[in-house]
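Remarks on the structure that follows.
The values are calculated or read from the model by the stated rules, or taken from the named source; none is laboratory data. Here the structure is a predicted model, which means the values were calculated and not measured. Counting neighbours? That spans all protein chains shown, and the Cβs are built from the backbone with ideal geometry, glycine included. Ligands, DNA and RNA are stripped out before the accessible areas are found, and what is left, the full protein with its side chains, is counted by its heavy atoms. Shrake-Rupley method; radii C 1.70, N 1.55, O 1.52, S 1.80 Å.
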Amino acid sequence: MQDIKVALVQANQVWEDKNANFENYLRLLKNVDADLVLLPEMFQTGFSMNPKELAEEWKKSNSIEWLKALSQSKNCAIYTSLMIAENGKFYNRGVFVTPNGEVKKYDKRKTFSLAGEDKLFCSGETNTIIEYMGWRFQLHVCYDLRFPEISRNYLLPNLTPAYDVLLFVANWPEKRVSHWNALLKARAIENQAYVLGVNRVGTDATEMNYSGESKIINALGEISELKINEENVLIAILEKRKLLEVRKSLPFLSDC
């Protein structure tokens, strides 16, 4: 049983400027020591609907190579999303990068029709659960949060839950941030799992405002969070023992 240190990077993304965003993340992470780092959705461009100009080929992505180098230098895993082109299609693809250079992918299942994302990006069809440092993480991106059926935890044949932590990376607008706060808490309680949600701050080129409110929520719904409208990094220890105690004392998943 091993605890894990996580870091949520609440950044002000520079619109469609990959190099500027790379530099900003390096600044924010300079003194951060963690086992797992989360960066916001479309981490190096902001939530742009310009994949023809900004998407990178899956097998030769400079941004993924940058993430791999950062992961190795910081000796941490990184989860975020970016625009990817593959087989003539575009994806808002979550990537989980580990220090040994391994990359696991998750294609956002619920594309955001209100912004036209569904017209430009293909939706993923399956969930991705990965194991790292003895923990099982289910990967999600932003709008997925509104659909509890795709993040529903369940018991495996050995009677252990399918995952321990839900990861959400987002560009979630301030005007609907009350939904973000409520849904993240609900996902933690109903699935008896930690939930990590990282959101950006600032204003993008579409004049959409983002207040951040990145947070870590335990299986009881208890919250640690960052201040609104500020760039910062939230660091916390996820304790496996406490998670197992909650599941043992409140065995709700066995009734699903």
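Quick check on this structure: which one of Val37, Val32 is touching a helix residue (DSSP H, G or I) at 6+ places or on another chain (Cβ under 8 Å) and either closer than 29 Å to Lys110 by Cβ or open to solvent by less than 10 Å² (accessible area, probe 1.4 Å) (or both)? Testing whether each residue is touching a helix residue (DSSP H, G or I) at 6+ places or on another chain (Cβ under 8 Å) and either closer than 29 Å to Lys110 by Cβ or open to solvent by less than 10 Å² (accessible area, probe 1.4 Å) (or both) leaves just Val37. Considering only the range 115-135, I want to know if a residue exists there that is open to solvent by less than 10 Å² (accessible area, probe 1.4 Å) and under 30 Å from Leu244 (Cα atoms). Yes, the range 115-135 has at least one match. Only a single criterion out of (1) open to solvent by 10 Å² or more (accessible area, probe 1.4 Å); (2) touching a residue at least 24 places away in the same chain (Cβ under 8 Å) is not satisfied by Val195, namely (1).
Every listed requirement among (1) surrounded by 19 or more Cβ atoms within 10 Å (Cβ to Cβ); (2) small (Gly, Ala, Ser); (3) without any contact (Cβ under 8 Å) to a residue 40 or more places away in the chain is met by Ala20 save one, (1).
Against the test of being at pLDDT below 95 and open to solvent by 10 Å² or more (accessible area, probe 1.4 Å), the options Lys59, Lys52 yield a single qualifying residue, Lys59.
Of a type in the set (A, V, I, L, M), surrounded by fewer than 23 Cβ atoms within 10 Å (Cβ to Cβ), closer than 27 Å to Ile4 by Cβ and touching a strand residue (DSSP E or B) at 6+ places or on another chain (Cβ under 8 Å) - does that describe any residue in the range 141-150? Yes, the range 141-150 contains at least one residue that is of a type in the set (A, V, I, L, M), surrounded by fewer than 23 Cβ atoms within 10 Å (Cβ to Cβ), closer than 27 Å to Ile4 by Cβ and touching a strand residue (DSSP E or B) at 6+ places or on another chain (Cβ under 8 Å). Listed by first and then second residue, the pairs with beta-carbon distance under 7 Å, at least 6 apart or on different chains, first residue in the range 29-55 and farther than 13 Å from Val14 by Cβ and in a helix (DSSP H, G or I), second open to solvent by 10 Å² or more (accessible area, probe 1.4 Å) and charged (D, E, K, R), are Leu29/Lys74. Taken together, the residues in the range 200-256 that are part of a loop (DSSP other than H, G, I, E, B) and either open to solvent by 80 Å² or more (accessible area, probe 1.4 Å) or closer than 22 Å to Ile78 by Cα (or both) amount to 17. Just one of (1) closer than 20 Å to Leu139 by Cα; (2) in a helix (DSSP H, G or I); (3) open to solvent by 40 Å² or more (accessible area, probe 1.4 Å) fails for Phe90. It is (2).
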